[in-house]
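J.: Sharing a structure below in structure tokens format, with a few things to ask.
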Amino acid sequence: MPTPRASTRRLIAEVLHPRNWRADRGPASPQIVTHPGVVLGAGARVDAFVVLGEPPSGGSQGAAALRIGRNARLRSHTVIYGGSLIGDNLQTGHGVLVREAATIGDDVSIGSHSVVEHHVTIGNRVRIHSNAFIPEFSVLEEGSWVGPNAVFTNARYPLNPTTKNELAGPHLRPAAKIGANATLLPGVVIGRNALVGAGSVVTRDVPDDAIVAGNPARVIGSVLDVPAYAGDRAASKKGSSRVRPARRS
């Protein structure tokens with residue numbers, strides 16, 4: 001196996017050297033950019049080439065504070081803009097982008113090369129896999145799950161004169177699950193514990209506990225009938241109506 005180039009070895013040694021680690025901030029490597037106004041909780045581990053507190057477009061450095069809780073694990077080339085409030089135990093993959101004015105809870109994981117746009121709300125224990133796109137004004141409630149390459153949208157009629165005033169991202173209710181390569185249209189609500197099948201195109205709201213699939217996505221079953229989701233059965237609201245599959249035309 002070939003050995004790393006001398007420059008790479010020097011960079012690795014610099015990042016890992018004990019003098020570049022502080023108990024409250026993680027590594028103080030020169031390859032990490034920390035803008036004014038960043039508060040990083042104790043126990044953080046930050047890789048090289050991470051940017052924290054990037055000013056929003058038109059903003060000045062430090063004008064929008066960034067607060068990240070304890071025990072964050074931020075992998076290389078993560079960029080988190082200023083103006084967000086993030087809880088404990090955040091984990092990012094490589095090349096993650098989180099824009100300004102985001103509110104993110106505890107124990108959230110965002111996979112490599114995923115993009116979270118501004119004014120997004122993410123609850124506790126949300127898992128976003130790699131290469132996902134979460135646009136402005138999306139809401140992901142606690143325990144929801146987003147598969148790789150999922151695309152959320154927020155502009156019903158792109159490039160019309162009032163688009164910017166009408167943006168509405170999807171809303172995932174608690175424990176909603178979005179399969180790989182699924183596309184969610186603007187403003188759709190995915191119900192509590194619902195499951196969206198891989199590759200689906202969701203054009204309308206999905207009921208609690210429903211399984212939907214296809215283009216456009218239709219109800220094909222209920223998670224209450226899937227043994228693997230026995231826990232969801234207990235979590236479902238008492239008295240909620242059972243979901244029935246759509247009739248085939």
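The values are calculated or read from the model by the stated rules, or taken from the named source; none is laboratory data. Computed from a predicted model, the values in this text were never measured in an experiment. Ideal geometry is used to build each Cβ from the backbone, glycine not excepted, and the neighbour counts take in all protein chains shown.
J.: Is it true that some residue in the stretch 118-130 is in contact (Cβ under 8 Å) with a residue 40 or more places away in the chain and within 19 Å of Pro186 (Cβ to Cβ)?
T.: Within the stretch 118-130 (the criterion being in contact (Cβ under 8 Å) with a residue 40 or more places away in the chain and within 19 Å of Pro186 (Cβ to Cβ)), the answer is yes, since at least one residue qualifies.
J.: So which of Gly221, Gly199 is modelled with pLDDT of 95 or more and in a strand (DSSP E or B)?
T.: That would be Gly221, the only listed residue that is modelled with pLDDT of 95 or more and in a strand (DSSP E or B).
J.: Do you know which residues across the stretch 155-189 are under 16 Å from Thr121 (Cα atoms), in contact with a strand residue (DSSP E or B) (Cβ under 7 Å, 6 or more places away or on another chain) and in contact (Cβ under 8 Å) with a residue 24 or more places away in the chain?
T.: Correct list: Gly169, Pro170, His171, Leu172, Arg173, Ala176.
J.: Yes or no: Asn181 surrounded by 14 or more Cβ atoms within 10 Å (Cβ to Cβ), under 17 Å from the mean Cα position of the chain (by Cα) and at pLDDT 95 or above?
T.: Taking the combined requirement at face value, the residue satisfies it.
This table checks each residue for (1) of a type in the set (Gly, Ala, Ser); (2) part of a loop (DSSP other than H, G, I, E, B); (3) buried (at least 17 other Cβ atoms within 10 Å of the Cβ).
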| site | (1), (2), (3) |
| --- | --- |
| Asn131 | no, yes, yes |
| Pro148 | no, yes, yes |
| Leu159 | no, yes, no |
| Ala168 | yes, yes, yes |
| Pro186 | no, yes, yes |
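J.: Report the residue count in the stretch 81-118 for those that are surrounded by fewer than 20 Cβ atoms within 10 Å (Cβ to Cβ) and at positive phi.
T.: 5
J.: Among the numbered criteria (1) charged (D, E, K, R); (2) over 23 Å from Phe152 (Cβ atoms); (3) in contact with a Gly (Cβ under 8 Å, 6 or more places away or on another chain), which one does Arg73 miss?
T.: In the conditions (1) charged (D, E, K, R); (2) over 23 Å from Phe152 (Cβ atoms); (3) in contact with a Gly (Cβ under 8 Å, 6 or more places away or on another chain), Arg73 misses (3) alone.
J.: For Ala198, work out the one condition from (1) surrounded by fewer than 16 Cβ atoms within 10 Å (Cβ to Cβ); (2) aliphatic (A, V, I, L, M); (3) under 23 Å from Thr103 (Cβ atoms) it doesn't fulfil.
T.: It fails just one condition, (3).
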